[in-house]
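Asks: One structure follows; several queries about it will come next.
The values are calculated or read from the model by the stated rules, or taken from the named source; none is laboratory data. Owing to the predicted nature of the structure, the values given are computational and were not obtained by experimental measurement. All Cβ positions, glycine included, derive from the backbone under ideal geometry; neighbour counts span all protein chains shown.
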Amino acid sequence: MPPTANSALIAAVLLLLAVDGVISKSTIEPCSNDDSCNALLGYTLYTDLKVSELAALFQIDPIVLLAANSIDISYPDVESHILPSQLFLKIPIICSCVDGIRKSVATRYKTRPSDTLANIADAVYGGLVSADQIKDANSISDPSVLDVGQSLVVPLPCTCFNGTDNFLPAVYMSYVVKTVDTLAGIAARYKTTTTDLMVVNALGNAAVEDGDILAIPLSACASNFPKYASDYALSVPNGGYAVTADHCVECSCTPGSRLYCQPASLSVSCSSMQCKSSNLMLGNVTIQQSSAGCNVTSCGYGGFVNGSIITTLSSSLQPRCPGPQQVPPLIAPPTVVSPDMALSPGPSPSQLGGAPIGVLPGSVVPSTGSSIVLPPSANGPSGSSSGACTLVNPLSSISVAMGLVLFVKVMLPFL
């Protein structure tokens, strides 16, 4: 049988499975290197959980979790705060390249009495993973037999796509489609377009089903820290914060895609945050009107290197003095779930007007990051210059794809 016929047969099998509802669509990003990126999971709490319990469920820093959702980390005893069931949160993860596929494998789950793989996948992790994926990742021969206290690797979906969307910085969130969702509604909620989501997720049409997992690009501010910095390639989605430098520095994405970093609100022991040859501290900005324009001087963040906070002093002459810069508003740890909290992440500064930075009135913070100002493509994402990453859809597990290919190869001699 010629190769084109082979491809047609495989496509027919995949289409049949998709139509019959055997598998849900999911975005799979092949990869060929060992780099990683910042990514997010859209997660809805299945029960009331302490902040520390939720963080332990994904093996992440509780403070990093709170910051990503613009929750005030200075709240008293915030790690013991109980988050309500059905609250939607963004879970920050590291997206790696594992066996040629982008995924996160840092999460491990310790089984409890009465646990089943289906319950762990669907209830505990909200459909972000399937029972078969957990089974394959842990080489479980009999899924009906789980030992209490058994540690299971939980492979979670993620994508990088070179950290860009339409040539602009972006962080991708894996989102589980709900029954009430439409692609147009999801696009509106996350300030993108239906066309963009279709291109990113290789969708032939705008139809989505309950349980599908979409990769959603969230506009972000990218850093330009040196490669030897421990927080190299830090990228912060609009509307949230990233805590870095051992909890000493918090960075946010402000209007205009400017990365702004300032001392974090935690009481921790930190290295010096003063810019050299200046009395300015990290995040401080001064402005001075002159006949030639407006002199703007700022103390920015340059990365965390060997336990030290790198500060950078920059000065510029601008035609006019800028207005006050704004950062995403912080919220108290939620105790109840409003309709918005059950559906979407924290608002961006452009939605609520933001909160003024606590520095001089009328000051602005020049970007410490990089923003490529290019017009977006009329046909959605332009992708990246690297050819290593392409999109495969609609499989929820690479093991399913491999099994189907093997099935076709075995059956070909009999066709």
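Asks: On the basis of being in contact with a Ser or Thr (Cβ under 9 Å, 6 or more places away or on another chain), surrounded by fewer than 22 Cβ atoms within 10 Å (Cβ to Cβ) and either assigned by TED's automatic domain parsing to the domain that holds residue 29 or more than 30 Å from residue 32 (Cβ to Cβ) (or both), does residue 62 make the cut?
Replies: Values: in contact with a Ser or Thr (Cβ under 9 Å, 6 or more places away or on another chain): yes; surrounded by fewer than 22 Cβ atoms within 10 Å (Cβ to Cβ): yes; either assigned by TED's automatic domain parsing to the domain that holds residue 29 or more than 30 Å from residue 32 (Cβ to Cβ) (or both): yes.
Considered against the rule, which asks whether it is in contact with a Ser or Thr (Cβ under 9 Å, 6 or more places away or on another chain), surrounded by fewer than 22 Cβ atoms within 10 Å (Cβ to Cβ) and either assigned by TED's automatic domain parsing to the domain that holds residue 29 or more than 30 Å from residue 32 (Cβ to Cβ) (or both), residue 62 comes out as yes.
Asks: Going through the range 52-91 one residue at a time, which ones are more than 16 Å from the chain's Cα centre (by Cα), acidic (Asp, Glu) and assigned to a loop (DSSP other than H, G, I, E, B)?
Replies: Listed by number, the residues that qualify are 72, 77.
Asks: Okay, next question. Please tell me if residue 228 is farther than 30 Å from residue 77 by Cβ, outside the structural domain of residue 176 (by TED's automatic domain parsing), of a type in the set (Phe, Trp, Tyr) and out of contact with any Ser or Thr (no Cβ under 9 Å at 6 or more places or on another chain).
Replies: Working: farther than 30 Å from residue 77 by Cβ: yes; outside the structural domain of residue 176 (by TED's automatic domain parsing): yes; of a type in the set (Phe, Trp, Tyr): yes; out of contact with any Ser or Thr (no Cβ under 9 Å at 6 or more places or on another chain): yes.
So residue 228 passes the test.
Asks: Right, here's the next one. Output yes when any residue across the range 237-254 is surrounded by fewer than 23 Cβ atoms within 10 Å (Cβ to Cβ), without any contact (Cβ under 8 Å) to a residue 24 or more places away in the chain and either basic (Lys, Arg) or not assigned by TED's automatic domain parsing to the domain that holds residue 91 (or both), and no when none is.
Replies: no
Asks: Against the conditions (1) closer than 20 Å to residue 71 by Cβ; (2) of a type in the set (Asp, Glu); (3) part of a loop (DSSP other than H, G, I, E, B), where does residue 250 fall short? Just the number, please.
Replies: Only one criterion in (1) closer than 20 Å to residue 71 by Cβ; (2) of a type in the set (Asp, Glu); (3) part of a loop (DSSP other than H, G, I, E, B) is unmet by residue 250, namely (3).
Asks: Kindly indicate which of 171, 199, 177 is over 21 Å from residue 234 (Cβ atoms), under 17 Å from the mean Cα position of the chain (by Cα) and crowded, with 19+ Cβ neighbours inside 10 Å.
Replies: Checking each option against the conditions leaves just 177.
Asks: Among the residues of the range 157-208, write down those that are among the hydrophobic types (A, V, I, L, M, F, W, C) and assigned to a helix (DSSP H, G or I).
Replies: Of all residues in the range 157-208, those among the hydrophobic types (A, V, I, L, M, F, W, C) come to 158, 160-161, 167-168, 170-171, 173, 176-177, 180, 183-184, 186-188, 197-200, 202-203, 206-208.
161, 183, 184, 186, 187, 188, 197, 198, 199, 200, listed by residue number.
Asks: Among the numbered conditions (1) surrounded by 19 or more Cβ atoms within 10 Å (Cβ to Cβ); (2) farther than 30 Å from residue 161 by Cβ, tell me where residue 79 comes up short.
Replies: So the condition that residue 79 fails would be (1).
Asks: Against the conditions (1) under 18 Å from residue 222 (Cα atoms); (2) at pLDDT below 90; (3) of a type in the set (Val, Ile, Thr), where does residue 268 fall short? Just the number, please.
Replies: Exception for residue 268: condition (1).
Asks: Still on this structure: Output the number of residues of the range 107-122 satisfying the condition of being small (Gly, Ala, Ser) and either surrounded by 19 or more Cβ atoms within 10 Å (Cβ to Cβ) or at pLDDT below 95 (or both).
Replies: Of all residues in the range 107-122, those small (Gly, Ala, Ser) come to 114, 118, 121.
If we keep only those that are either surrounded by 19 or more Cβ atoms within 10 Å (Cβ to Cβ) or at pLDDT below 95 (or both) too, we end up with 114, 121.
So the answer is 2.
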